[in-house]
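The values are calculated or read from the model by the stated rules, or taken from the named source; none is laboratory data. Being a predicted model, the structure only gives us computed values, none of them experimental. Using ideal geometry, Cβ is built from the backbone for each residue, glycine included, and neighbour counts are taken over all protein chains shown. Keep in mind that these areas ignore ligands, DNA and RNA; they rest on the heavy atoms of the full protein, side chains included. Shrake-Rupley method; radii C 1.70, N 1.55, O 1.52, S 1.80 Å.
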Amino acid sequence: MRVRAGRPAFAALVLALACAAAPPAALESARALGTRLSAGGRAEAEIERRALDPFSGTWRSVRGRVTLEPPDRALLEFPATGERIALRGDGGEWLQPGLKQMLRLGPGNAAAARRWWELLLPAGGARFREVALGGRRFALVPRDAEAGGDTAWIALDPRGLPARLEYQDEAGARIEYRLRGWRFPRARGRAGFVIAAPDSYQVVELP
């Protein structure tokens, strides 16, 4: 015997599927950057990574650059040390010249390392809600606290582009990225976010 769904039930099903398929609302703090990304598909900025040691109370700083491409690609490079970190939805790599090794990250570890940079990408609203603090500053709070993740803070420059990103790492250290000199060239695709280890390096596989 064939059972037909009534029109109200069918309409409810269509509405539920449409809501599930709808993309999350873009974060206000990522709106200007998202607009520029939609034009060329790639964003690059100079960064200064500052870490506050919770025990000594001193700041340590290193300069580098960050590259972002939607939907989920980030590349961090620190010329002074040669350290490079590539992060993608399917995994990533962390090149550590000081140890002559490269960590090959599986999707889980790459996602954990990438979650802060995703706040700057258009899809950041999927996991975080935004609280305006005034003065072009925003707090980004996880939508599901049980899923992990802490609050982050973003400050924008006069053009609405990210100028500072702050959060605390797993060890409780305060991390601050200062960003400037944003550029928006054409996207290069996944190949630009894959790192190959030199032959003399040890490669360590992480899940």
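What ranking do 160-167, 114-121, 184-191 get when scored by the average of other Cβ atoms within 10 Å per residue, highest first?
On the way: 160-167: 19.5, 114-121: 22.0, 184-191: 12.1.
Top to bottom by mean Cβ count within 10 Å: 114-121, 160-167, 184-191.
Using a 1.4 Å probe on the protein chains only, how many percent of the accessible area of segment 67-134 belongs to carbon and sulfur?
On the way: 1560 of 2680 Å².
Reported share for carbon and sulfur atoms: 58 percent.
Over segment 26-68, what is the relative contact order in percent, taking alpha-carbon pairs closer than 8 angstrom and at least six residues apart? It would help to have the intermediate numbers written out before the result.
Details: 42 pairs, mean separation 15.3, N = 43.
It rounds to 36 percent for segment 26-68.
Hey, can you find the accessible area per residue of segment 133-207 for me, probe 1.4 Å, expressed in square angstrom? Mind showing how you got there, number by number?
On the way: 4570 Å² over 75 residues.
With the other protein chains kept in place, segment 133-207 gives 61 Å² per residue.
By per-residue mean of other Cβ atoms within 10 Å, what is the highest-first order of 94-101, 40-47? Write down the numbers at each step before the final one.
Values: 94-101: 15.0, 40-47: 18.1.
Final packing ranking: 40-47, 94-101.
Taking the Cα centre as origin and putting +1 on Lys and Arg beta-carbons and -1 on Asp and Glu beta-carbons, what dipole magnitude results for segment 47-153, to the nearest 20 debye? All intermediate terms of the calculation are to be shown ahead of the outcome.
Details: 17 positive and 13 negative charges, 55 e Å.
Its charge dipole is roughly 260 debye.
Report the net charge of residues surrounding Ala197, where surrounding means a beta-carbon distance below 9 angstrom and charges are Lys +1, Arg +1, Asp -1, Glu -1. List each step's numbers first, then the result.
Details: positive: Arg104; negative: Glu93, Asp199.
Net local charge, Ala197 excluded: -1.
Tyr201 to Ala112: extension gain in nm, 0.36 nm per residue of separation minus the Cα-Cα distance? Don't jump to the answer; show the numbers that get you there.
Details: separation 89, 0.36 × 89 = 32.04 nm, distance 2.41 nm.
Answer, rounded to one decimal: 29.6 nm.
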